[in-house]
Amino acid sequence: MVERPWAFPELTGTGRLRMHALRPAAALPLDGRWRFQLLPSPEAAVTADWEEADVPGCWTMGGTDDLPQYTNFQMPWPGLPPNPPAANPTGVYEREVAVPADWAGRRIILHVGAAESVLIAQVGGVTAGIGKDSHLASEFDVTELVRPGETTTVRLTVVKWSDATFIEDQDQWWHGGITRSVLLYSTDPLHLADVRVRARRSGDLRVDVDVRSGHGPLPGGWRVSATLGGLELGLDTAYGAMLAERDQISTWQGRVRLRGTVPGVRPWSAELPTLYDLVVRLHDAEGTVTDETTLRVGFRDVEVVGRDLLVNGERVYIRGVNRHDFHPRTGRVVSEADMRADLVTMKRFGFNAIRTSHYPNDPVLLDLADELGLYVVDEANIESHAYAREICDDPAYLPAFVDRVSRMARRDVNHPCVIIWSLGNESDYGANHDAAAGWLRAFDPTRPVQYEGAIKYDFGSGPVSDIICPMYASIEEITAHARSGRQDRPLILCEYSHAMGNSNGTLADYWAAIESTPGLQGGFIWEFWDHGLLQRLDDGRPAQCQSQPTDPDRPPGGPYADGVAGPGYRWAYGGDFGDEPNDGNFCADGVVFPDRTPKPAMYEHRELAAPLRLTADAGVIRVHNRQHFRDLSWLAAEWRLDADGAAVRTLPAELPDVPPGGSALLTPPAALIGHLPGDGEVWLTLRVTVRDDQPWAAAGTTMCLPQVHLRAERRALPLRTSGTVGGPPIEVDHDGLLVHPLLAAPPTLSLWRAPTDNDRLAGLGARWADQGLPEPARDPVDVVRDGDRVTVHARYLGGLVVHEQSFTPVTDGILVEETVVLGDALTDVARVGTVFETIGGFDRVSWYGQGPWETYPDRCAGGPVGSHEAAIDELFTPYLRPQESGGRHGVRRFTLTGPAHTLRVRLDRPRQVSFTRYRATDLAAASHHDELVPRPECVVHIDAAHRGLGTASCGPDTLPAFLVGAGTHRWSWTLETT
Ligand code: IPT
């Protein structure tokens, strides 16, 4: 007996059943309220002081003083592997279980879905076994420990920190608890123990069945059968000589292999996830069925051929996202409804793949991915980040590596959604990986294996990873490798486009490169969730864990909320629970808010991943089917015409029959484009929706909004005129600032934005502050009058910046013309533009430009140009740590309105603008959204140039084309008040 199993890496578990793919039937659920106490260490004695806790539940999410802690890769406490700290919270869960009387004579199994990080199971006071791996189930045969018809006590002791913590060092919150369901189930002593299925797109089906007899040899004459639809599978006599011994079941292994070919099978893919029911039965010597199980089978092939990963022979693009198990109120406990909502959201926004970063998920997630259609990279629970070099070659951890990888594979092998196995994350690369990979390849030669740690130095070869799966490589790096002549396998980024805060700049550039470069096949955005935990503001504690974490009536994918935690609460990140050490808001880096509201970047992705695209060549419009397996018949469409100056018009569109990968002409109806205004630009948008209900989207759900530019010319702004054209004379004060009745703050130069997380972590925020850009010091100005025209010459930062701003009265308003010269020291600023503030009382804005959602220069592929309208308060995106937010790209004109006033602005060219209730300095001063106090004024930015967002919080910055630097910038606009 190992004295301290939590400090003994060689021990991965005791008394556990071998992992299997079959799900328990005839179960007695044990979820609910359990007696609970939290001990200071696993060595402390259990007391008589019981409280209660939810199972599943994280004790860190309420009810105890052991609160969540967030660290990226630093360990949460000092000390070397494999030793956990002496202060080691240990939860003891206990309850009575009435074992059904009719289980007499049956085999009885205790199943614990997941517990972190060491589970010690006791039944009736006797230890049933120990389990490690916080993200896989442990099962114990407790037949000898219980009496059917009687009540027994089940005690589950969960030790938070252990040797295993050093290989569970993932970038996420640390929790303690039982995070998946607990149940008791029974089987006949002689039972179907496991079934392994191989189903190919040809219809070939191979089924390996394990039969176990409990104790002793199998009796003679028993038989296994398997049917799919009307097809009865036949015995594979070539499999194992010993099979002949007793009818078809090998006594020694209890194994039998059946085969068949399903005629006319419809293959499984993410686009068309067809599943078939396979029924496997165990028959006794008389032919009576004594055990039976049904599996959902998908027929599909995965193979790596040269530089291509093929699914059913097709080089599918991998439009993936990394997903953690996360819930803002329950920590790491996620219900089936939660998982379904996650996957539905992904499907609606064009994702077709998930990497289960960085551990196996609940098997239900894979059921859902099978059903809804998502490819999965199934990742083993190994991340030894802080001590990666030491652990990857340490024989003491060798059993754990093989155990974790093999148990994942044994559990998930039947899922068609799983197309790639992953050995884990960020654990360097060593002998332990080779051992795990060796086991995996022997067990399942049908799937490629990937591991980022094994390829990272030169993207080059090496036997372990079948995929070149770098993280955060730049566009230049991946395309250079693809063109180098050295690439010998598919390149699919395991992480890219870090979604922290206002981010995902250059996503469209990534996809342009991927789609035009042989060898590049996609990637997985980092990541799905912003891990903000719901925290009460009054006492700073997590909002209480509730037994039912999800309101099942909530429409999946939102917007049931707006990304904000709600009054009295905030989204907490590292440090907010007093957790030390911590890594701040680095956990808030997802494409959805903690309430699953999609961030604007999701609309960018949706458009890039659209099932169809439009192109226009000399007025001829073609529709391209971008899918690999599906035609367009599941989609409906509607034309929308936005002509500058004319009312928006819509008409139904008829999508032609286009095979996957094909294209066809799509002519807009004459009724739509027959009567265009004489001049001004014209845009045609195709609103593509779901025609018939899909399992993941109701009919009418928008899938994409592709656009074509029918006519590009624009109306010019009124030219500068000499003499009065209209409007009252210009009034400026002694500082050269415009005096205007509707402006609370006059138009001034703006060179700064509230640093985004990318800006901050790339060091730009600090550099801009050093350069004095947030509120640049202005020298006394020169005001020059020339007729009605007033020109203000200003110098900032001792002449580093020169700004000339002239005001000319024009019909109904003022023409503002601006020129800025940035000195050579200013190579990389956030923006060059104008900022002003209205008086209070404006509440809505309409604009002609990109929208309706937030767009930036390097993230604007998903915002169609057109007429948009919104409440000013809705335009702001509540990123967890306040930062530059709410921008709209390519805006030509806008109108701010309130009950009493109207303010119209026309811009010389499509510009980046924003309308918010916050100054950039307000945003930069706040650490959480709830600290912001909206101003009654509207803060308006008009930018001649605005820096791209990039992804530099973890990964490449924006591309040079999206930088704003030294030199001359010119822009003009009119301010009108009718
Ligand atoms: C990479 C990790 O795999 C992931 O878990 C997350 O931490 C991400 O970065 C950043 O959010 S590892 C990093 C060292 C590139």
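Quick check on the range 471-507: of everything there that is among the β-branched types (Val, Ile, Thr) and either more than 16 Å from the ligand (Cβ to nearest atom) or assigned to a helix (DSSP H, G or I) (or both), which residue is farthest from the chain's Cα centre (by Cα)? Taking the candidates together, the pick is Thr479. Gly430 meets each of the listed conditions (1) at negative phi; (2) surrounded by 23 or more Cβ atoms within 10 Å (Cβ to Cβ) apart from (2). When both residues are 6+ apart or on different chains and their Cβ atoms are under 9 Å apart, which pairs have a first residue that lies in the range 322-350 and is on the phi > 0 side of the Ramachandran plot, and a second that is of a type in the set (A, V, I, L, M, F, W, C) and not in a helix (DSSP H, G or I)? Hits for this filter: Gly331/Cys58; Gly331/Trp173; Gly331/Leu533; Gly331/Cys545; Gly350/Ala609; Gly350/Ala610; Gly350/Met703; Gly350/Cys704.
For (1) out of contact with any strand residue (DSSP E or B) (no Cβ under 7 Å at 6 or more places or on another chain); (2) assigned by TED's automatic domain parsing to the domain that holds Tyr510; (3) more than 16 Å from the ligand (Cβ to nearest atom); (4) basic (Lys, Arg), each residue gets a yes or a no:
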site	(1), (2), (3), (4)
Arg622	no, no, yes, yes
Asn625	no, no, yes, no
Leu635	no, no, yes, no
Glu638	no, no, yes, no
Ala647	yes, no, yes, no
Asp657	yes, no, yes, no
Trp683	no, no, yes, no
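Does at least one position in the range 433-448 carry a residue that is surrounded by 23 or more Cβ atoms within 10 Å (Cβ to Cβ), over 27 Å from Asp301 (Cβ atoms) and not assigned by TED's automatic domain parsing to the domain that holds Leu17? Scanning the range 433-448, I find no residue that is surrounded by 23 or more Cβ atoms within 10 Å (Cβ to Cβ), over 27 Å from Asp301 (Cβ atoms) and not assigned by TED's automatic domain parsing to the domain that holds Leu17, so the answer is no. Here the range 639-690 is the region considered, the condition is being among the charged types (D, E, K, R) and surrounded by fewer than 16 Cβ atoms within 10 Å (Cβ to Cβ), and the residue that is modelled with the lowest pLDDT is Asp679. Filtering Gln521, Gln548, Gln535, Gln544 for residues that are at pLDDT 95 or above and more than 16 Å from the ligand (Cβ to nearest atom) leaves a single hit, Gln521. Scanning the range 424-459 for residues that are within 13 Å of the ligand (Cβ to nearest atom) and in a loop (DSSP other than H, G, I, E, B) returns Gly424, Asn425, Glu426, Ser427, Asp428, Tyr451, Lys456.
Table: residues versus (1) in the same structural domain as Arg906 (by TED's automatic domain parsing); (2) part of a loop (DSSP other than H, G, I, E, B); (3) modelled with pLDDT of 95 or more.
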| site | (1), (2), (3) |
| --- | --- |
| Glu804 | no, no, yes |
| Phe807 | no, no, yes |
| Val835 | yes, no, yes |
| Gly840 | yes, yes, yes |
| Ser846 | yes, no, yes |
| Gly849 | yes, no, yes |
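Selection within the range 449-480: residues that are farther than 24 Å from Val302 by Cα and of a type in the set (Phe, Trp, Tyr). The member of this set that is surrounded by the most Cβ atoms within 10 Å (Cβ to Cβ) is Tyr472. Every test in (1) touching a Leu at 6+ places or on another chain (Cβ under 7 Å); (2) among the basic types (Lys, Arg); (3) within 20 Å of Ser465 (Cβ to Cβ) is passed by Arg329 save one, and that test is (3).
Of the strands (runs of 3 or more DSSP E) lying entirely inside the range 1-104, those containing at least 1 residues that are in contact with a helix residue (DSSP H, G or I) (Cβ under 8 Å, 6 or more places away or on another chain) are 32-39, 51-55, 69-71, 90-98. Screening the candidates Ala21, Ala44, Ala25, Ala7 for the property of being under 14 Å from Leu110 (Cα atoms), surrounded by 13 or more Cβ atoms within 10 Å (Cβ to Cβ) and in contact (Cβ under 8 Å) with a residue 24 or more places away in the chain yields one hit, Ala25.
For (1) on the phi < 0 side of the Ramachandran plot; (2) at pLDDT 95 or above, each residue gets a yes or a no:
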position: Arg904; (1), (2): yes, yes
position: Leu907; (1), (2): yes, yes
position: Arg917; (1), (2): yes, yes
position: Thr921; (1), (2): yes, yes
position: Ala926; (1), (2): yes, yes
position: Asp930; (1), (2): yes, no
position: Val933; (1), (2): yes, yes
position: Gly955; (1), (2): no, yes
position: Ala961; (1), (2): yes, yes
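Looking at this structure, is Val939 over 27 Å from Gly584 (Cβ atoms) and surrounded by 17 or more Cβ atoms within 10 Å (Cβ to Cβ)? For Val939, the condition - over 27 Å from Gly584 (Cβ atoms) and surrounded by 17 or more Cβ atoms within 10 Å (Cβ to Cβ) - is not met. Restricting the first member to the range 375-391 and to residues that are within 12 Å of the ligand (Cβ to nearest atom), and the second to residues that are part of a strand (DSSP E or B), the beta-carbon pairs closer than 7 Å and six or more apart or on different chains are Glu379/Arg355; Glu379/Ser422; Glu383/Glu168.
How many residues are outside any helix (DSSP H, G or I), surrounded by fewer than 24 Cβ atoms within 10 Å (Cβ to Cβ) and within 16 Å of the ligand (Cβ to nearest atom) if we restrict to the range 576-588? Of the residues in the range 576-588, 3 are outside any helix (DSSP H, G or I), surrounded by fewer than 24 Cβ atoms within 10 Å (Cβ to Cβ) and within 16 Å of the ligand (Cβ to nearest atom). Based on this model, can you work out whether Ala164 counts as closer than 22 Å to Pro42 by Cβ, outside any strand (DSSP E or B) and outside the structural domain of Val289 (by TED's automatic domain parsing)? When the stated conditions are applied, Ala164 passes them. When the criteria are applied in full, Thr60 fails the requirement of being exposed (fewer than 13 other Cβ atoms within 10 Å of the Cβ), among the polar types (S, T, N, Q) and not assigned by TED's automatic domain parsing to the domain that holds Gly584. For the range 862-893: of the residues being surrounded by fewer than 20 Cβ atoms within 10 Å (Cβ to Cβ) and of a type in the set (A, V, I, L, M, F, W, C), which is farthest from Leu743 (Cα to Cα)? Per the stated criteria, the residue is Ala870.
Of the numbered criteria (1) surrounded by fewer than 20 Cβ atoms within 10 Å (Cβ to Cβ); (2) in a strand (DSSP E or B), the one Gln535 fails is (1). Only residues that are surrounded by 24 or more Cβ atoms within 10 Å (Cβ to Cβ) and in contact (Cβ under 8 Å) with a residue 60 or more places away in the chain were counted across the range 140-153, and they come to 1. Which members of the range 793-818 meet the condition of being closer than 10 Å to Leu749 by Cα and hydroxyl-bearing (Ser, Thr, Tyr)? Tyr796, the sole residue that qualifies. Of all the numbered requirements in (1) out of contact with any Pro (no Cβ under 9 Å at 6 or more places or on another chain); (2) assigned by TED's automatic domain parsing to the domain that holds Gly505; (3) closer than 15 Å to Gln535 by Cβ, Asp583 misses one, and that requirement is (3). Any chance the range 600-611 includes a residue that's within 16 Å of the ligand (Cβ to nearest atom) and crowded, with 24+ Cβ neighbours inside 10 Å? Yes: one or more hits.
The values are calculated or read from the model by the stated rules, or taken from the named source; none is laboratory data. Since the structure is predicted, the reported quantities are computational estimates derived from the model, not experimental observations. Counting neighbours? That spans all protein chains shown, and the Cβs are built from the backbone with ideal geometry, glycine included.
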